[in-house]
Amino acid sequence: MDLLEYQGKQFFAQYGIPVSDGEATDNVDDAVAIAERVGYPVVVKAQVHTGGRGKAGGVKLAENADEARMHASNILGLDIKGHVVKTIWVEIASDIAEEYYASFTLDRSAKQHLGMLSAEGGVEIETVAEENPDAIAKIHVDPTVGLTEDQCRAWVEAANLNPDATDGAVDILMKLYNAYVEGDADLVEINPLILKPTGEVHALDAKVSLDGNATYEHPDYTKYDATQPRDEREEAAHAKGLQYVGLDGSVGVIANGAGLAMSTVDVVNQVGGKPANFLDIGGGANADVMSGAMEVINNDPAVKAIFINIFGGITRGEEVANGIIEAMNRVTIDAPIVIRLDGTNANEGRAILEPHLSDSLMMETTMLDAARKAVELADSQANG
Amino acid sequence: MSIFVDENTKVVYQGLTGSQGRYYGLLNKEYGTQVVAGTNPKKAGTDVEGIPIFATVADAMEATGATASCIFIPAPGVKGAVLEAAEAGIEFIVAITEGVPAHDEAYFFNKLRNDFPNTRLLGPNCPGIISPGKCNIGITAGHIAKAGGPVGIVSRSGTLTYQALYELKEKGIGVTTCVGIGGDPVPGTSFIDCLAAFEADPETKAVMMIGEIGGSAEEEAAEFIKANMSKPVTSYVAGVTAPPGKKMGHAGAIVSGGKGTAQAKMEALADAGVKVGQNPTEAGELMAEIVANL
């Protein structure tokens with residue numbers, strides 16, 4: 001779960017990390033009221049799940065109420081790389097002496113937490129990593145030990161920040177590590193982490209990604225659900241509890257298991273088609289799950305053919321076949337369907353499907369043949 | 001021979017009294033796995049179809065001589081279950097459960113590495129392990145695998161593993177052991193652990209490796225293969241067309257910051273002399289060619 005900047009700042013604040021005084025809103029009048037409360041100058045910032053907000057005109061400085069009103073009304077509704085701004089964050093502007101970068105994430109190779117700190121903040125860290133890798137001080141933290149203050153101080157010293165920033169940086173980084181672990185985050189990033197002319201260290205931005213698997217420990221994380229970047233199709237699939245990712249092609253894909261679903265999307269591409277989605281219905285393939293999946297695919301107007309790719313393991317071919325037929329009775333499908341059923345009792349399953357086959361329900365035995373058929377159908381539907 | 005488990009492996013099921021644990025535990029037993037015990041602190045002294053239930057893993061080990069455990073406990077309890085098994089002295093822990101928080105996984109991975117170096121963890125979020133004809137721990141349908149070798153399989157994906165087992169069986173090719181390492185960010189057992197074990201196993205003559213997008217485990221495996229493997233390897237990597245920034249079902253399957261792409265993984269593997277298929281069927285065909293020439 002990716003948080004918007006304002007949610008990230010509120011998350012940081014809960015763990016004692018200093019952030020600028022501000023509030024989020026979805027309307028211009030409130031934006032002006034917030035600006036009046038926190039005091040000018042203020043920064044009005046678009047809240048969207050994409051980078052490059054500044055260049056797109058989504059971050060503006062306001063010296064007074066008129067400017068705050070103008071910027072708020074211009075930014076709300078702005079389209080930034082396909083993301084329409086619904087929420088803005090208004091905060092008191094900060095004086096900046098220096099800009100740094102700080103983050104914690106999991107290093108999957110080392111299987112430990114990785115902290116990164118750089119005196120070169122305010123720019124893309126990937127650029128720094130490429131052009132000047134020595135400018136990033138790295139630290140590995142054993143999760144069973146945690147980050148000690150001595151370790152943290154040595155790390156800050158290795159990053160060559162302004163000596164005035166050392167104590168403040170150590171304090172923030174200890175809190176940031178705590179937020180990362182206690183909050184079950186996949187990523188916490190502050191860019192820029194600033195040193196003010198007055199000597200305080202402060203988080204001017206917040207990028208936080210939380211582990212969706214840990215929501216049972218954090219029931220309040222359901223509040224982030226509404227602001228996840230999903231298109232209409234993904235929203236509908238999410239509501240049905242399906243693992244769905246929208247793509248931009250014309251072949252709807254339903255498969256069981258994440259690996260097989262990924263592979264199905266790949267194979268559709270390999271034979272010259274374009275998949276409309278990734279959809280994993282999990283290990284079983286009963287009528288409830290199958291009809292939910294079919295409904296989601298059917299509601300996507302771009303879908304011209306559907307490829308159902310099921311491998312029966314514990315779930316037998318007969319159960320899968322009956323599930324598909326039952327689902328087709330429940331949902332009226334517009335696009336032709338190509339089924340590939342393999343694995344446990346595949347022949348028995350195919351025998352059940354046999355009498356139902358028609359121009360709108362076809363069957364192939366291999367993944368490649370089924371993909372070719374589905375792509376051919378999608379192309380002819382699109383042209384006809 | 002097989003790796004990690006064989007016909008002598010005695011297994012205690014943590015969570016045997018739950019619906020999933022009971023269903024798969026009994027299926028595993030029916031397959032021939034030595035399912036010797038289950039645990040549930042509230043149901044000690046009872047049994048599941050004749051399999052005795054103990055309060056703790058330590059009690060079960062003492063009474064039955066179990067050396068392996070299989071975890072079907074819901075995600076919030078997995079960290080405690082893994083640590084309990086390791087502390088009791090279990091040598092091989094298979095955690096099937098999906099949805100375990102990454103911070104829990106990182107914690108118990110390091111705890112085992114630091115304090116219980118003789119305990120191997122497989123998973124979480126994996127289908128388990130099968131040495132066909134000998135032992136099946138987890139959720140793989142036993143009958144889709146042909147026993148006897150000469151192929152070893154290691155995979156990050158469940159259904160693609162089944163697909164591979166089934167295609168090899170259709171071609172009349174047997175498997176020594178098939179290890180599903182799971183699709184999570186911190187798998188207890190890595191590709192390299194399995195490749196090293198297959199390299200050392202005299203009955204395994206070739207290895208099939210099924211990867212997917214995300215992380216750098218396939219690239220690391222490629223380096224290992226280049227430096228250490230004498231046996232031929234075929235591979236398939238799922239997710240060639242996955243869009244960056246979107247998780248494809250598995251918590252670990254994500255292309256982020258341009259890293260972890262299938263293309264880079266396939267190139268690294270091909271560089272290491274691995275025969276890489278463009279789809280699972282092609283990887284199976286490449287393996288059939290290798291086996292025919294053994």
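Report the residue count in region B:87-105 for those that are closer than 22 Å to residue B:20 by Cα and either under 18 Å from the mean Cα position of the chain (by Cα) or not in a helix (DSSP H, G or I) (or both). Talk me through it step by step, then tell me what you get.
Of the residues in region B:87-105, the ones closer than 22 Å to residue B:20 by Cα are B:90, B:92-101, B:104-105.
Adding the requirement that they be either under 18 Å from the mean Cα position of the chain (by Cα) or not in a helix (DSSP H, G or I) (or both) leaves B:90, B:92-101, B:105.
Total meeting the criteria: 12.
In region A:248-277, the residues that are more than 9 Å from every other protein chain (Cβ to nearest Cβ) form Cβ pairs under 6 Å with partners that are among the acidic types (Asp, Glu), at six or more places apart or across chains, as follows: A:276/A:300.
Take region B:111-149 and flag every residue that is more than 12 Å from every other protein chain (Cβ to nearest Cβ) and surrounded by fewer than 24 Cβ atoms within 10 Å (Cβ to Cβ).
Going residue by residue through region B:111-149, those that are more than 12 Å from every other protein chain (Cβ to nearest Cβ) are B:117-120, B:122-123, B:129, B:131-135, B:137, B:146-149.
Selection gives B:117, B:118, B:119, B:120, B:133, B:134, B:146, B:147, B:148, B:149.
The residue list B:248, B:266 contains one member that is within 14 Å of chain A (Cβ to nearest Cβ) and closer than 20 Å to residue B:162 by Cα, which is B:248.
Checking the condition over 23 Å from residue B:289 (Cβ atoms) and away from chain A (no Cβ under 12 Å), which residue from B:241, B:261 passes? Working first, answer last.
Working: B:241 fails: away from chain A (no Cβ under 12 Å).
Testing whether each residue is over 23 Å from residue B:289 (Cβ atoms) and away from chain A (no Cβ under 12 Å) leaves just B:261.
In summary, residue B:174 fulfils each of the numbered conditions (1) in contact with a helix residue (DSSP H, G or I) (Cβ under 9 Å, 6 or more places away or on another chain); (2) more than 11 Å from chain A (Cβ to nearest Cβ); (3) surrounded by fewer than 20 Cβ atoms within 10 Å (Cβ to Cβ); (4) within 22 Å of residue B:273 (Cβ to Cβ) with the single exception of condition (4). Determine if region A:330-348 includes at least one residue that is among the hydroxyl-bearing types (Ser, Thr, Tyr), under 32 Å from the mean Cα position of the chain (by Cα) and buried (at least 19 other Cβ atoms within 10 Å of the Cβ). Scanning region A:330-348 turns up no residue that is among the hydroxyl-bearing types (Ser, Thr, Tyr), under 32 Å from the mean Cα position of the chain (by Cα) and buried (at least 19 other Cβ atoms within 10 Å of the Cβ). Has region A:223-236 got at least one residue that is touching a Phe, Trp or Tyr at 6+ places or on another chain (Cβ under 7 Å), of a type outside the set (A, V, I, L, M) and farther than 17 Å from residue A:307 by Cβ? Among the residues of region A:223-236, at least one is touching a Phe, Trp or Tyr at 6+ places or on another chain (Cβ under 7 Å), of a type outside the set (A, V, I, L, M) and farther than 17 Å from residue A:307 by Cβ, which makes the answer yes. Residue pairs whose Cβ atoms lie under 6 Å apart, sitting 6 or more positions apart in sequence or on different chains, and linking a residue in region A:133-149 that is in contact (Cβ under 8 Å) with a residue 12 or more places away in the chain and within 12 Å of residue B:106 (Cβ to Cβ) to a partner that is hydroxyl-bearing (Ser, Thr, Tyr) and assigned to a helix (DSSP H, G or I), are A:143/B:107. Note on region A:217-237: among residues that are touching a Leu at 6+ places or on another chain (Cβ under 9 Å) and within 14 Å of another protein chain (Cβ to nearest Cβ), the one that is surrounded by the fewest Cβ atoms within 10 Å (Cβ to Cβ) is A:218.
For residue A:263, the conditions (1) surrounded by fewer than 24 Cβ atoms within 10 Å (Cβ to Cβ); (2) assigned to a helix (DSSP H, G or I); (3) in the same structural domain as residue A:308 (by TED's automatic domain parsing) are fulfilled apart from (1).
Return yes when residue A:377 is free of Cβ contacts under 8 Å to residues at least 40 places away in the same chain, part of a helix (DSSP H, G or I) and touching a strand residue (DSSP E or B) at 6+ places or on another chain (Cβ under 7 Å) and no when it is not. It is false that residue A:377 is free of Cβ contacts under 8 Å to residues at least 40 places away in the same chain, part of a helix (DSSP H, G or I) and touching a strand residue (DSSP E or B) at 6+ places or on another chain (Cβ under 7 Å).
For region A:192-211, a tally of residues being farther than 15 Å from residue A:10 by Cα, away from chain B (no Cβ under 14 Å) and in contact with an Asp or Glu (Cβ under 7 Å, 6 or more places away or on another chain) returns 6. Of everything listed in (1) aliphatic (A, V, I, L, M); (2) away from chain B (no Cβ under 14 Å); (3) touching a residue at least 60 places away in the same chain (Cβ under 8 Å), the single unmet condition for residue A:156 is (3).
Sort out which residues of region B:276-293 are under 20 Å from residue A:261 (Cβ atoms) and free of Cβ contacts under 8 Å to residues at least 60 places away in the same chain, and write them in order of number.
First, pick out the residues of region B:276-293 that are under 20 Å from residue A:261 (Cβ atoms): B:277-284.
B:277, B:278, B:279, B:282, listed by residue number.
Test residue B:2 against the criterion of being at pLDDT below 95 and not β-branched (Val, Ile, Thr), and give yes or no. Here the answer is yes, as residue B:2 does meet what is asked. Does residue B:253 satisfy being within 18 Å of residue B:264 (Cα to Cα) and not charged (D, E, K, R)? Yes: the conditions hold for residue B:253.
Taken together, the residues in region B:269-294 that are outside any helix (DSSP H, G or I), more than 14 Å from chain A (Cβ to nearest Cβ) and surrounded by fewer than 21 Cβ atoms within 10 Å (Cβ to Cβ) amount to 5. Considering only residues that are within 14 Å of another protein chain (Cβ to nearest Cβ) and surrounded by fewer than 18 Cβ atoms within 10 Å (Cβ to Cβ), look in region A:108-134 and name the one that is nearest to residue B:259 (Cα to Cα). Only one residue fits best here, namely A:126.
Each residue in region B:216-245 was checked for being within 18 Å of residue B:185 (Cβ to Cβ), surrounded by fewer than 24 Cβ atoms within 10 Å (Cβ to Cβ) and of a type outside the set (A, V, I, L, M, F, W, C), and 5 pass. Restricting attention to region A:293-329, the residues that are part of a loop (DSSP other than H, G, I, E, B) and at pLDDT below 90 add up to 4.
Taken together, B:152, B:183, B:211 contain a single residue that is touching an Asp or Glu at 6+ places or on another chain (Cβ under 8 Å), more than 14 Å from chain A (Cβ to nearest Cβ) and either crowded, with 24+ Cβ neighbours inside 10 Å or modelled with pLDDT of 95 or more (or both), which is B:152. Evaluated against (1) under 21 Å from residue A:242 (Cα atoms); (2) buried (at least 24 other Cβ atoms within 10 Å of the Cβ); (3) modelled with pLDDT of 90 or more, residue A:378 falls short on exactly one condition, (1).
Comparison of B:129, B:144, B:137 shows that the only residue that is closer than 20 Å to residue B:196 by Cα and touching a residue at least 24 places away in the same chain (Cβ under 8 Å) is B:129.
Counting just the residues of region A:10-29 that are part of a strand (DSSP E or B) and of a type outside the set (Val, Ile, Thr), which one comes out nearest to residue A:168 (Cα to Cα)? Before the answer, list the steps.
Of all residues in region A:10-29, those part of a strand (DSSP E or B) come to A:19, A:22-25.
Checking which are of a type outside the set (Val, Ile, Thr) leaves us with A:22-24.
On the way: A:22: 21, A:23: 24, A:24: 27 Å.
Out of the qualifying residues, it is A:22.
Kindly evaluate residue A:207 against the criterion of being within 15 Å of the chain's Cα centre (by Cα) and either within 29 Å of residue A:332 (Cβ to Cβ) or not assigned by TED's automatic domain parsing to the domain that holds residue A:360 (or both). Answer is yes for this residue.
Restricting attention to region B:27-63 and to residues that are part of a helix (DSSP H, G or I) and in contact (Cβ under 8 Å) with a residue 24 or more places away in the chain, the residue that is surrounded by the most Cβ atoms within 10 Å (Cβ to Cβ) turns out to be B:60. If you check residue A:214 against the conditions, is it more than 9 Å from every other protein chain (Cβ to nearest Cβ) and at pLDDT 95 or above? No. Considering (1) within 12 Å of chain B (Cβ to nearest Cβ); (2) in contact with a Gly (Cβ under 8 Å, 6 or more places away or on another chain), the lone condition that residue A:286 does not fulfil carries the number (1).
The values are calculated or read from the model by the stated rules, or taken from the named source; none is laboratory data. Computed from a predicted structure; not experimentally measured. Positions of Cβ are backbone-derived with ideal geometry, glycine not excepted, and every protein chain shown enters the neighbour counts.
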